[in-house]
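K.L.:
Got a structure for you, written out below as structure tokens; questions coming shortly.
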Amino acid sequence: MRYYSTNQQAPLASLEKAVVKGLAEDKGLYMPERIRQLDAAVIRNMQNQSFQEIACTVANAFFGEDIERDRLDQIVCDTLSFDTPVVPVTDNIFSLELFHGPTLAFKDVGARFMARLLGYFIHKEGLTEVNVLVATSGDTGSAVANGFLGVEGIHVYVLYPKGKVSPIQECQFTTLGQNITALEIDGTFDDCQALVKAAFMDERLNAHMKLTSANSINVARFLPQSFYYFNAYAQMARMGKADDLTICVPSGNFGNITAGLFAQRMGLPVKHFIAANNSNDVFLEYLQTGVYTPRASQQTIANAMDVGAPSNFARILDLYSHSDNVHDEICRHISGARFSDEEIATTIRNVYRETGYLLDPHGACGYQALADYLPAGSGCGVFLETAHPAKFKDTIDRILGKEIEIPAKLKAFMQGEKQSIELSNQFDDFKAFLLQQ
Ligand SMILES: *Cc1c(COP(=O)(O)O)cnc(C)c1O
């Protein structure tokens, strides 16, 4: 399979090139040239299969031309050592729990798959060590660090702003050791991102070491997210509730929902998608006005969705670009919603009181958007619960007025010893550090 750039100004790339480069030369996002349809019978039969079996079928449709079947199956099975169960919250609203992986958030799926795919290419090509640079405000760093932990031939440098990530987040990428180095930058998240960008542009550094990114725009990170949409469908089908399915996705950079749109293109019978946002609502505004105005992000309690210029918007436009009226077509497939911090808190409180189900701030946007959309008593909906509430313990404790429990998996991280290297926010210091490696 070849990959084209959404900007149409870059040469077609192989899967390997798209994964190693991440972004195309023209700064566009890579898209697969074709989206293979799965037979309706194959999809229907998924209700008799395990998550791993389902994911192998989907992975083969995307990557089967480029990787031998048994190697690809192995990568999928290694990635998915955990399930994504569908849990009822009300009679017709279901939570697709994506937080059963190592860092308790959905980004584990894409990060783990990408790590194994990159590891495969490095091994196959006999490449020297590849260095992944990732800037994080919290969640991405933990998913990438844990996803790449122990993968041969890859070293990961996580840059994070000193004192600006939560203690739980910090211990998820500073206690790992092995091929993971945490760099504590005396600055902001934007400084971290600027350092990484400058490193990719620096000739001497690139001659010294092979650098790559593990951005969420990478095809190896975003396409595997389609696996759990099929798994959600299979579980709903098992319960006899898969007809007229609406799926609601708490969205920031819109990678997750784009993977769902890909699944629908492959034949997954989803009736409608909803993109749930916090007060960063450029997408909703686009749906309402037809005008897309990216802007600076606002800080909210659902902070992994604090994105003012969603990078995967370009992929969504591209998916519908065959249409005469792209905006109408997108509105036909996707609805939007926005929630203030106060509304998110109210939803968490009410749902907990009425059903006993504890939402995290991101999932709360998903739940509420779905509840507002579904006409009473008709049709079922699934929202993606993208992170475990304990990842946002302080916020949830404050909203509920009581201490919530921390799962054992998170506690284990908190018992590890923090190892990080402190650096200033000056590029010269960062460069000198990398040149010594
Ligand atoms: C990253 C993230 C999101 C947003 O996902 P996108 O793919 O960027 O739209 C939502 N919730 C949580 C918990 C996240 O970490």
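K.L.:
I need the GluC sites (Glu not before Pro) found in the range 136-185, filtered to DSSP loop residues with at most 10 other beta carbons within 10 Å of theirs. Could you put the intermediate results ahead of the total?
P.N.:
Details: sites: 152, 170, 184; in loops: 152.
Of the GluC sites (Glu not before Pro), the ones in loops of the range 136-185 whose Cβ has at most 10 other Cβ atoms within 10 Å are 152.
K.L.:
Please go through the range 374-437 and write out the trypsin sites (Lys or Arg not before Pro) that DSSP classes as loop and that have at most 13 other C-beta atoms within 10 Å.
P.N.:
402, 418
K.L.:
Okay, moving on. For the range 133-216, what class follows from the C-alpha gyration tensor (a ≥ b ≥ c being the square roots of its eigenvalues): rounded when a/c is under 1.5, otherwise prolate if a/b is larger than b/c, else oblate?
P.N.:
Taking the square roots of the gyration eigenvalues as a ≥ b ≥ c, the range 133-216 is oblate.
K.L.:
Follow-up question, since we're still on this one. Most exposed first by the Cβ proxy, i.e. fewest other Cβ within 10 Å, how do 367, 292 rank? Walk me through the numbers on the way to the answer.
P.N.:
On the way: 367 30, 292 16.
By the 10 Å Cβ count, ascending, the order reads 292, 367.
K.L.:
Continuing with this model, one more query. Can you bin every Cα-Cα distance in the range 349-437 into 10 Å intervals starting at zero and give me the percent of pairs per bin, rounded to whole numbers?
P.N.:
Result, from short to long distances: 13, 30, 20, 19, 12, 5, 0 percent.
K.L.:
Work out how far the C-alpha atoms of the range 1-155 reach from end to end along every principal axis, then list the three figures in whole Å, largest first.
P.N.:
Largest to smallest, the principal-axis extents are 50, 37, 32 Å.
K.L.:
So, how do all the Cα-to-Cα distances of the range 1-48 break down into 10 Å bins, in percent, from 0 on up?
P.N.:
Taking all Cα pairs of the range 1-48, the binned fractions are 27, 36, 17, 19, 1 percent.
K.L.:
Under the Karplus relation 6.51 cos²θ - 1.76 cosθ + 1.60, θ = phi - 60°, what is the ordered set of whole-Hz ³J(HN,Hα) values for the range 267-277, x standing for Gly and Pro?
P.N.:
Residue by residue, the range 267-277 yields x, 5, x, 10, 6, 7, 10, 10, 9, 9, 10 Hz.
K.L.:
Can you list residues whose amide H is under 5 Å from residue 276's amide H, if they're 5+ apart or on another chain and H is modeled 1.01 Å from N?
P.N.:
249, 251
K.L.:
Separate question: Could you sort the peptides 239-250, 93-104 by per-residue average Cβ neighbour count (10 Å cutoff), highest mean leading?
P.N.:
Per-residue mean Cβ counts within 10 Å order the peptides as 93-104, 239-250.
K.L.:
With contacts defined as alpha carbon pairs under 8 Å and 6 or more residues apart, what's the relative contact order of the chain in percent?
P.N.:
19 percent
K.L.:
Dipole size in debye (nearest 20) for the chain around its Cα centre, Lys and Arg Cβ +1, Asp and Glu Cβ -1?
P.N.:
Values: 37 positive and 51 negative charges, 87 e Å.
Charge dipole of the chain: 420 debye, to the nearest 20.
K.L.:
Also: For every other residue with a beta carbon closer than 9 angstrom to the beta carbon of residue 388, add +1 if it is Lys or Arg and -1 if Asp or Glu, then tell me the sum.
P.N.:
On the way: positive: 391, 409; negative: 97, 360, 385.
Once all neighbours under 9 Å are counted, the net charge is -1.
K.L.:
If you count, for each residue, the other Cβ atoms within 10 Å and average over each peptide, how do 340-349, 307-316, 111-120 line up from highest to lowest?
P.N.:
111-120, 307-316, 340-349
K.L.:
Taking the simple approach of a point 7 Å from Cα along Cα-to-Cβ for both residue 27 and residue 198, what is their distance in nm?
P.N.:
1.9 nm
K.L.:
Give me the log10 of I(q) over I(0) for the chain at q = 0.07 Å⁻¹, as the Debye formula computes it from C-alpha points; what are the numbers?
P.N.:
Each listed q corresponds, in turn, to -0.32.
K.L.:
If you project the alpha carbons of the range 297-414 onto their three principal axes, what span does each projection cover, largest first, in Å?
P.N.:
Computed over the range 297-414, the largest-to-smallest principal extents equal 53, 36, 25 Å.
K.L.:
Based on the Cα coordinates of the range 236-337, what is the per residue volume of their convex hull in Å³?
P.N.:
Per-residue hull volume (Cα only) is 102 Å³.
K.L.:
When the chain is modelled as a GNM with alpha-carbon springs shorter than 10 Å, which of 28, 141, 163 fluctuates the most?
P.N.:
Evaluated over the chain, the most mobile residue of the options is 163.
K.L.:
Using only the Cα atoms of the range 87-226, what do you get for the radius of gyration and for Dmax, in Å?
P.N.:
16.1, 60
We did not get these values from a lab; they are worked out from the coordinates using the rules stated. Just so you know, these numbers come straight off a predicted model, no measurement behind them. Note: ideal-geometry Cβ built from the backbone for every residue, glycine included; neighbour counts use all protein chains shown.
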